[in-house]
Amino acid sequence: MRQWLNKLSEKNARRLAISLFTLGLLLLAIALWINFRTQDDGYTLTTYAMGSYVQQTVYGSNSEEAAQAASSAVTKLENLISWRIENSDVARLNQKAGTEFISIDQQTWDVLHTALEVCEASKGAFDVTIAPISWLWNFDEDPRLPQAETIQSLLPEVDYTNVSLLDDGTAALQTHGTAIDLGAVGKGAACDAAVSAYEDSGAERAVVSVGGSVGVYGEKPSGEPWRIALRDPDSEGSLGQLAIPTGFLSTSGSYEKQFTEDGVTYHHILDPDTGYPAESGLVSVTVWSSSGVLSDALSTACFVLGMEDSLPVLEQFQSGAVFITTDHEIYITENLAETFTLDSQTYTLAGTL
Ligand code: ADP
Ligand code: MG
């Protein structure tokens, strides 16, 4: 009997030991998993497209795949909407101006559709048919002050109502001299394309920046918002930060591309009414929106419109903005005011709009 009892407890003890060992292994695995998750610094990838760096940080188990997919998506978009690329949708539209309707890719159609909404809402302060004038200034390659008469002769060609976009997926430019330049929305659209790629490839969360546009995707595990730094116009440092849970930010700044001739500085954000760089008392505008195309179109529109006239347009698209004036003052729309923290010593927070 005793022997039998000993045998039983030996058996139980062995079972207990095995159970404890398994539990220990399980706890170790959980600890390692938590550690891995909190230590996930993300996969970073920097590529070049649309004349800018495309910087991504993607989190999750398939982050590398998702980042590569996003990079390809941006290149694919560039091949559709850049006027510089032969046979892109926009190049074909420009080439066929004043002749016929052509079929365009759904992605090009979507970008044009949103862009045209902003053209209308801003009463042409943002105008996708700025090309004849932006080509003249040539800010991207060899900027120069054009002849005043040349600007005057080309200004009538700048008119977004010459763009026809039909529901059947075709588009046309109504007059021969019309041409499209989507330079003001390309980088925001690229952020949209990247975020769609994250969705499709099941990335956990990610942040992408293309030039002055940023898109965030997914939630941080802590539930904290994403902190995005805004550039100080006078330096490469940070002016301040916006804490956004979701969405897209685009900045249009006069400091991005400029040149000085005979003591006058000219920048690349043009007023379609005059054909000259917009003078609205602003150095930069950062716009937050639910889509990248929208934030990029609005940032250019708001720069041209100036602070006061921007407000109804921002409201129409449920967007918000940070305006930096030439007087070193910062104004923020009410919907973003709480999310902003100032880093700069040389700019002052002057008010909420
Ligand atoms: P960035 O290209 O530096 O991100 P923006 O988004 O403001 O800045 O776009 C500026 C570009 O958009 C210019 O280089 C030009 O190609 C084009 N552009 C300039 N003025 C306008 C305008 N009023 N409406 C539409 N596009 C514009
Ligand atoms: Mg823009």
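The values are calculated or read from the model by the stated rules, or taken from the named source; none is laboratory data. Note that the structure is a prediction, hence the values are computed from the model and not measured. As a convention, Cβ positions derive from the backbone with ideal geometry for all residues, glycine included, and neighbour counts pool all protein chains shown. Ligands, DNA and RNA are excluded from the accessible area calculation, which covers all protein heavy atoms including side chains. Shrake-Rupley method; radii C 1.70, N 1.55, O 1.52, S 1.80 Å.
Of everything in segment 82-110 that is open to solvent by less than 10 Å² (accessible area, probe 1.4 Å) and among the hydrophobic types (A, V, I, L, M, F, W, C), the residue that is nearest to residue 185 (Cα to Cα) is 90. Return a yes/no flag: does segment 321-328 have any residue that is away from ligand 1 (no atom under 14 Å from the Cβ), assigned to a helix (DSSP H, G or I) and of a type in the set (D, E, K, R). No, segment 321-328 contains no residue that is away from ligand 1 (no atom under 14 Å from the Cβ), assigned to a helix (DSSP H, G or I) and of a type in the set (D, E, K, R). For residue 296, the criteria (1) in a loop (DSSP other than H, G, I, E, B); (2) within 15 Å of ligand 2 (Cβ to nearest atom) hold in every case but one, which is (1). Among the residues of segment 235-292, those identified as within 15 Å of ligand 2 (Cβ to nearest atom), under 19 Å from the mean Cα position of the chain (by Cα) and assigned to a loop (DSSP other than H, G, I, E, B) are 254, 255, 256, 257, 268, 269, 291.
Here is a yes/no grid of residues against (1) among the small types (Gly, Ala, Ser); (2) near ligand 1 (Cβ under 10 Å from one of its atoms); (3) without any contact (Cβ under 8 Å) to a residue 24 or more places away in the chain:
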| residue | (1), (2), (3) |
| --- | --- |
| 228 | no, no, yes |
| 247 | yes, no, no |
| 250 | yes, yes, no |
| 257 | no, yes, no |
| 276 | no, no, no |
| 297 | yes, yes, no |
| 311 | no, no, no |
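Does segment 333-351 contain at least one residue that is assigned to a loop (DSSP other than H, G, I, E, B), open to solvent by 60 Å² or more (accessible area, probe 1.4 Å), closer than 15 Å to residue 233 by Cβ and among the acidic types (Asp, Glu)? Scanning segment 333-351 turns up at least one residue that is assigned to a loop (DSSP other than H, G, I, E, B), open to solvent by 60 Å² or more (accessible area, probe 1.4 Å), closer than 15 Å to residue 233 by Cβ and among the acidic types (Asp, Glu). Selection of segment 94-128 for residues being under 25 Å from residue 73 (Cα atoms) and within 16 Å of ligand 2 (Cβ to nearest atom) yields 111, 112, 114, 115, 116, 117, 118, 128. If you go through segment 171-188 and keep only what is aliphatic (A, V, I, L, M) and within 11 Å of ligand 1 (Cβ to nearest atom), you end up with 180, 182, 184, 185. Within segment 203-215, if we keep just the residues that are more than 15 Å from residue 71 (Cα to Cα) and more than 16 Å from ligand 2 (Cβ to nearest atom), the residue that is nearest to the chain's Cα centre (by Cα) turns out to be 205. Residues of segment 309-320 that are assigned to a helix (DSSP H, G or I) and open to solvent by 30 Å² or more (accessible area, probe 1.4 Å): 309, 311, 312, 315, 316.
Residue count for segment 217-244 satisfying the condition of being under 24 Å from residue 300 (Cβ atoms), touching a helix residue (DSSP H, G or I) at 6+ places or on another chain (Cβ under 9 Å) and open to solvent by 10 Å² or more (accessible area, probe 1.4 Å): 1. Taken over segment 123-155, the residue count meeting the criterion of being in contact with a Cys (Cβ under 8 Å, 6 or more places away or on another chain) and polar (S, T, N, Q) is 0.
Looking only at segment 281-289, decide whether some residue is closer than 20 Å to residue 333 by Cα, within 15 Å of ligand 1 (Cβ to nearest atom) and open to solvent by 20 Å² or more (accessible area, probe 1.4 Å). Yes; the residues of segment 281-289 include at least one that is closer than 20 Å to residue 333 by Cα, within 15 Å of ligand 1 (Cβ to nearest atom) and open to solvent by 20 Å² or more (accessible area, probe 1.4 Å). Candidates are the residues of segment 131-152 that are open to solvent by less than 20 Å² (accessible area, probe 1.4 Å) and hydrophobic (A, V, I, L, M, F, W, C); the one that is farthest from ligand 2 (Cβ to nearest atom) is 151. The residue that is most open to solvent (accessible area, probe 1.4 Å), counting only those in segment 249-277 that are touching a His at 6+ places or on another chain (Cβ under 8 Å) and of a type in the set (D, E, K, R), is 256. Of the residues making up segment 153-170, at least one is over 15 Å from the mean Cα position of the chain (by Cα), over 24 Å from residue 88 (Cα atoms), at pLDDT 95 or above and open to solvent by 70 Å² or more (accessible area, probe 1.4 Å).
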